Amino acid sequence: MDPVEIQTTITLSRVAAGAIPFGVAVARVGIESVDIYGKGTHVLEDGTGVWTPSANVTATNPATGLDGETAVFLEIATGFTTGIVAYRTTPTANLVLSLDTFWGLLIKASINVAAGVLTINVDEGAALATAPQPSNIPALVAGEWTYVQVAITGATTTRDTANSFGIVAVSDPAIVDLTIQRVTTNLAAYYNIAGIVKNDEARDDNISKQYDELTIIGAGHANPVVDDAFTCVAEQPVYFVPGTGVVSTTKIATAGITGIRSANATQDQTTAGKQTGVRF
């Protein structure tokens with residue numbers, strides 16, 4: 001008889017490190033705790049925000065993001081050298097980010113950009129004009145989506161009433177287009193997958209609470225939803241979109257993160273936006 005591969009699943013009991021929606025990929029924080037995979041405590045940009053560009057920079061929101069979603073599109077043209085590329089006023093006035101310690105940024109550049117050429121900044125003043133706190137953006141590869149995760153610099157008191165954030169060029173980035181799909185700040189920086197939170201019909205809101213005991217599917221197999229724009233076939237590489245439980249077939253590289261597991265579909269899914277089996 002020919003050998004047959006059988007996918008098995010085990011369940012692991014863990015304690016919630018924060019509020020976790022059921023069905024979302026989670027990451028192991030400690031021996032007993034889990035948190036949301038790529039979780040953003042504050043979503044500062046979902047791709048629809050209005051950014052104010054500097055001279056020789058244009059800012060639009062076309063459907064050029066990951067899997068064709070709306071994104072912030074910054075075109076840096078001839079004549080721009082250094083300084084503020086573009087900024088956005090925080091979605092909520094005097095936004096408290098003092099507990100957050102890491103940036104999360106999903107970004108793509110049209111050309112290779114060396115590490116440290118661009119920084120992401122937060123400022124308690126308007127228009128990044130008071131005392132912006134810069135964090136270096138790692139190297140970006142031309143045409144490749146990269147999820148950047150870097151520590152926020154500066155004392156927590158420099159962002160307890162945040163009013164603006166944005167991209168600053170420390171050195172001349174040359175003529176380049178930047179597509180930004182997602183900007184978040186979060187308390188911790190965990191990205192490696194531990195599993196998928198098991199659905200619990202007992203909760204009306206389908207949201208766990210901090211310190212709740214959770215059951216997660218954790219044998220390297222999950223059943224997430226494929227992004228609305230894509231289908232997949234068995235053994236095709238897939239990529240979890242940070243901060244969501246959705247997988248994409250568009251490659252997402254990572255920077256500033258260690259311990260990333262590769263993931264592959266375990267079955268064909270010919271209908272976009274539906275669940276599929278994933279092995280990681």
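Summed over the range 117-152, residues that are loosely packed, with under 15 Cβ neighbours inside 10 Å and closer than 16 Å to N186 by Cβ total 1. For A126, the conditions (1) closer than 24 Å to T60 by Cα; (2) free of Cβ contacts under 8 Å to residues at least 24 places away in the same chain all hold with the exception of (2). Would you confirm whether or not the range 87-104 contains a residue that is touching a residue at least 60 places away in the same chain (Cβ under 8 Å), more than 20 Å from the chain's Cα centre (by Cα) and closer than 20 Å to P173 by Cβ? Within the range 87-104, none of the residues are touching a residue at least 60 places away in the same chain (Cβ under 8 Å), more than 20 Å from the chain's Cα centre (by Cα) and closer than 20 Å to P173 by Cβ.
Is it the case that the range 27-42 has a residue that's modelled with pLDDT of 90 or more and in contact with an Asp or Glu (Cβ under 6 Å, 6 or more places away or on another chain)?
Restricting attention to the range 27-42, the residues satisfying the condition of being modelled with pLDDT of 90 or more are none.
The answer is no; no qualifying residue exists.
Remark: T153 falls outside the filter, which requires a residue to be assigned by TED's automatic domain parsing to the domain that holds A63, farther than 27 Å from E69 by Cβ, over 20 Å from the mean Cα position of the chain (by Cα) and of a type in the set (V, I, T).
Residue under question is S110, and the condition is that it be closer than 16 Å to I167 by Cβ, of a type outside the set (D, E, K, R) and surrounded by fewer than 21 Cβ atoms within 10 Å (Cβ to Cβ); does it hold?
Details: closer than 16 Å to I167 by Cβ: yes; of a type outside the set (D, E, K, R): yes; surrounded by fewer than 21 Cβ atoms within 10 Å (Cβ to Cβ): yes.
Answer is yes for this residue.
Selection of the range 55-86 for residues being outside any strand (DSSP E or B), surrounded by 14 or more Cβ atoms within 10 Å (Cβ to Cβ), among the aliphatic types (A, V, I, L, M) and over 21 Å from the mean Cα position of the chain (by Cα) yields an empty set. Residue-level check: of (1) out of contact with any strand residue (DSSP E or B) (no Cβ under 7 Å at 6 or more places or on another chain); (2) modelled with pLDDT under 75, G218 misses just (1).
Does the range 232-252 contain any residue that is modelled with pLDDT under 85 and either farther than 19 Å from I20 by Cα or among the acidic types (D, E) (or both)? No - not one qualifying residue is present in the range 232-252.
Of everything in the range 30-54 that is buried (at least 21 other Cβ atoms within 10 Å of the Cβ) and among the hydrophobic types (A, V, I, L, M, F, W, C), the residue that is farthest from D172 (Cα to Cα) is V34. The set of residues in the range 76-132 that are at pLDDT 95 or above, among the charged types (D, E, K, R) and within 30 Å of T250 (Cβ to Cβ) comprises R88, K108.
The values are calculated or read from the model by the stated rules, or taken from the named source; none is laboratory data. In this text the structure is predicted, and so the values were computed from the model without any measurement. All Cβ positions, even for glycine, are placed from backbone atoms using ideal geometry, and neighbour counts span all protein chains on display.
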